[in-house]
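> The structure under discussion is supplied below as structure tokens; questions concerning it will follow.
The values are calculated or read from the model by the stated rules, or taken from the named source; none is laboratory data. Being a predicted model, the structure only gives us computed values, none of them experimental. Cβ placement follows ideal geometry from the backbone for every residue including glycine, while neighbour counts extend to all protein chains displayed. With ligands, DNA and RNA removed, areas are computed over all heavy atoms of the protein, side chains included. Shrake-Rupley method; radii C 1.70, N 1.55, O 1.52, S 1.80 Å.
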Amino acid sequence: MKIKKGDQVLIISGKDRGRKGKVLEAFPKESKVLVEGINLRKKHVRPKRSGEKGQIVTLPAPIHVSNVKFVCSKCRKATRVEYKIVGGKKFRICKKCDKET
Ligand SMILES: [Zn+2]
């Protein structure tokens, strides 16, 4: 999976299509990512102590990586990346601007 935690992504399908967000968590096994502010779900939170009320909070739910496109941190374009290995180190290169991203 080429998308990592901290990356910016563009949502390309679903109700959040066209929006951008930061990857909060990546789940390579499931090929899913958790994106800030995207695919929000309402969740009931149980009271922590007796006497407190339960709450409804909105939290992002993971979406499949096929629904997002990587956004380059250098040129800010939605793009694809490729890996290059230089001197034993792995670099992720933007296909649009050719810079490390
Ligand atoms: Zn770029």
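> Taking loop as defined by DSSP and a crowding limit of 15 other beta carbons within 10 Å, which GluC sites (Glu not before Pro) in region 13-101 fit?
Sparse-neighbourhood loop GluC sites (Glu not before Pro): Glu30, Glu36, Glu52.
> Most mobile of Arg41, Arg76, Arg49 per a Gaussian network model of the chain (Cα springs, under 10 Å)?
Of Arg41, Arg76, Arg49, the Gaussian network model singles out Arg49 as fluctuating most.
> Mind jotting down the distance between the C-alpha centroids of region 1-41 and region 49-101, whole Å?
The distance from the Cα centre of region 49-101 to that of region 1-41 comes to 6 Å.
> Under 15 Å from the 7 Å Cα→Cβ point of Lys96, by amide nitrogen: which residues of region 5-41?
Taking a point 7 Å out along Cα→Cβ of Lys96, the residues of region 5-41 whose backbone N falls under 15 Å are 8-12, 18-21.
> Quick one: with all protein chains in place, what share of the accessible area of the chain is carbon or sulfur, to the nearest percent (1.4 Å probe)?
That share works out to 49 percent.
> Leaving out ligands and nucleic acids, note down the accessible area per residue over the chain with a 1.4 angstrom probe, in whole Å².
I get 73 Å² per residue for the chain.
> Rounded, prolate or oblate: which one fits region 1-74, using the alpha carbon gyration tensor with axes a ≥ b ≥ c (rounded when a/c is under 1.5, else prolate when a/b beats b/c, else oblate)?
prolate
> If you plug each phi of region 14-31 into the Karplus form 6.51 cos²θ - 1.76 cosθ + 1.60 with θ = phi - 60°, what whole-Hz ³J(HN,Hα) values come out, in order, with x for Gly and Pro?
Computed from phi, the couplings for region 14-31 are x, 6, 9, 3, x, 8, 10, x, 9, 6, 8, 7, 10, 10, x, 4, 9, 6 Hz.
> Which FRET efficiency value, to the nearest 0.05, is calculated for Val86 and Lys4 with the Förster distance at 22 angstrom and r the Cβ-Cβ distance?
It comes out at approximately 0.70.
> Probe 1.4 Å, all protein chains in place: accessible area of Phe91 in Å², nearest 10?
50 Å²
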